[in-house]
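This report concerns only the one structure given below.
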Amino acid sequence: MERKVFRVGSVGIGGISRGVHLPGIAKSPDLELVAVCDLKPERMAYAREAYGIAEDHCFADYHDLVNCPDVDVVDISTSNNAHFEVAKAAIEAGKPYCLEKPVTLTAEEADILAKMTAERGLPSMVCFSYRFKAAARYAKELVDKGLLGEIYHVYMQYLQAGGGPSYDLPRSWRYQKSLTGTGALGDLGCHALDLVSFVTGKDYCKAVGHADTFVHQRRLEEGEGMGEVDVDDFCHYLMEMDGKTSANFSVTRFAYGRGNYQRMEIYGSKGALVYSLDVTPGVDELEVCIGSPYDRVGAFTKLPVPDRFRTDQMQSFADILNGRGDGMAATIEEGRRIQHALDVIIRSAEEEKWLPCR
């Protein structure tokens, strides 16, 4: 099958776009960045200078980018409140899309996008970026092969320090419910939910959550004064998964000294594994304890991760577009399921009780 080069229009040229999306598009032989859209002129100036985007392909209105005849596919990395409308416009235009997480502000919006995408048969990818960590993919293979046996417990931590007082972060869109939906839960917790589901192959059945806010006001990004923070700074939640697997999650922006730290422990009837990220800054690692006599002496061994598990997020999107995807990237349907879980966790925290996820 001949590979095709797809012309990409990218909406939202913020930090995640400049750090992951645009470099990944530029690196892929199957993608070509031809248009950008952002409300801030300085960001479009960055795209012109860094990637040579023509001025007449720098749009302030996403409708103009989506409907541009030179754009084959749409890459979306805006603030969360714009995800639904931009993705909906791409679908209505018959264009495949790549969407940052969480996919929408509500489960109802996610349902609409998933239904529209399925009806039109469009390729889609949700950027649950930790699916592209080699150690996570290796862990999934070990679980899929049954080496851990029946999965009893999962313990998942996603810990950052950036919300703490020493960082003095301003009230960006991530701290405003109308723009982000949830705080640490939607920003970090959705990654944690997806990663556990990805590695175990299990979906969520019910949840109970606890969320709260430590810093209720932050300085405004522009101008003087303080603005209200109305989203969670941390969220801890218990989930029951398929097969009665019990999963315990801890997610916070107030873990002093942590950068982008993740630790996932999975315990089964035949073995256990530990996936970690950022113990060594930026490095993903995998340890296992499988079979007798290792269980009796608690011997966990760090495994070298084979090169065949190494991949790139935006190249994975290109492979999907070319009909060569490996089936391991998240689709809008999987993004929809995670959005339902997020909504349930927040309601559970408010109502202080277990709630079903489906």
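What does the convex hull of the Cα atoms of segment 1-160 come to per residue, in Å³, rounded to a whole number?
Convex hull volume per residue, Cα atoms: 168 Å³.
Considering amide H positions built from the backbone, and no H for Pro or chain starts, which residues 5 or more places from residue 152, or on another chain, come under 5 Å of its amide H?
267, 268, 269
If you add up the charges near residue 326, with Lys and Arg at +1 and Asp and Glu at -1, over every other residue whose beta carbon is less than 11 angstrom from its beta carbon, what do you get?
+3
Quote the charge dipole size of the chain about the Cα centre in Debye, to the nearest 20; the model charges only the Cβ of Lys and Arg (+1) and of Asp and Glu (-1).
Here the size comes out at about 1040 debye.
Among the lysines, which have Cα under 20 Å from the Cα of residue 353 when same-chain residues fewer than 8 positions away are ignored?
206, 244
Could you work out how far the C-alpha centroid of segment 186-221 sits from that of segment 17-70, in angstrom?
Value for the Cα centre distance between the two parts: 30 Å.
Show log10 I(q)/I(0) for segment 58-141 at q = 0.10 Å⁻¹, two decimals, from a solvent-free Debye sum over equal Cα scatterers.
Per q value, in the given order, log10 I(q)/I(0) is -0.27.
Above 29 Å lies some portion of the pair distances; for the chain, what is it as a whole percent of all C-alpha pairs?
Tail of the P(r) past 29 Å holds 42 percent of the pairs.
In terms of the ratio Rg/(2.2 N^0.38 Å) built on C-alpha atoms, what value belongs to segment 196-247?
Against the empirical 2.2 N^0.38 Å value, I get 1.76 for segment 196-247.
Taking 0.36 nm per intervening residue step and subtracting the Cα-Cα distance, what contour gain separates residue 206 from residue 118 on full extension?
Gain on extension, residue 206 to residue 118, equals 29.1 nm.
With all pairs of different alpha carbon atoms counted, what Kirkwood hydrodynamic radius in Å does segment 260-308 show?
Radius from the Kirkwood sum: 11.6 Å.
Could you tell me, in Å, what Rg and Dmax come out for the Cα atoms of segment 245-343?
When restricted to Cα atoms, segment 245-343 yields Rg and Dmax of 17.0, 48 Å.
Could you tell me which of 283, 259, 113 has its Cα farthest along the dipole of the chain towards the positive end, charges placed at Cβ (Lys, Arg +1; Asp, Glu -1), taken about the Cα centre?
283
Express the Stokes-Einstein translational diffusion coefficient of segment 90-226 in µm² s⁻¹, to the nearest whole number, given a Kirkwood radius over alpha-carbon pairs, 10 °C and a viscosity of 1.306 mPa s.
Value of D from the Cα-based Kirkwood radius: 89 µm²/s.
Probe radius 1.4 Å, ligands and nucleic acids left out: which of 215, 297 has the largest accessible area, and how do the rest follow?
The ordering from most to least exposed comes out as 297, 215.
What are the aspartates and glutamates whose alpha-carbon lies under 16 Å from the alpha-carbon of residue 88, with same-chain residues fewer than 8 places away excluded?
61, 64, 72, 75, 100, 108, 109, 111, 119, 333
Between 77, 28, 41, whose Cα lies farthest towards the positive end of the dipole of segment 1-116 when Lys and Arg beta carbons carry +1 and Asp and Glu beta carbons carry -1, centred on the Cα centre?
So the residue furthest toward the plus end is 28.
Can you flag which of 101/140; 145/302; 145/202; 95/202 are past 24 Å Cα-Cα?
Over 24 Å Cα-Cα: 95/202.
List every residue whose amide H lies under 5 Å from the amide H of residue 127, counting only residues 5 or more places away in sequence or on a different chain, with H placed 1.01 Å from N in the peptide plane.
Amide H neighbours of residue 127: 99, 100, 101.
Starting with the highest mean, order 92-104, 183-195 by the number of other Cβ atoms within 10 Å, averaged over the residues of each peptide.
183-195, 92-104
Among 183, 248, 320, whose Cα sits farthest toward the positive end of the charge dipole of the chain (+1 at Cβ of Lys/Arg, -1 at Cβ of Asp/Glu, about the Cα centre)?
The residue sitting farthest along the positive end of the dipole is 248.
The values are calculated or read from the model by the stated rules, or taken from the named source; none is laboratory data. Keep in mind that this is a model prediction, so the values were computed, not measured. FYI the Cβ positions are ideal-geometry reconstructions off the backbone, even for glycines, and counts take in every protein chain you see. These area figures cover heavy atoms from the full protein model, side chains too; ligands, DNA and RNA do not enter into them. Shrake-Rupley method; radii C 1.70, N 1.55, O 1.52, S 1.80 Å.
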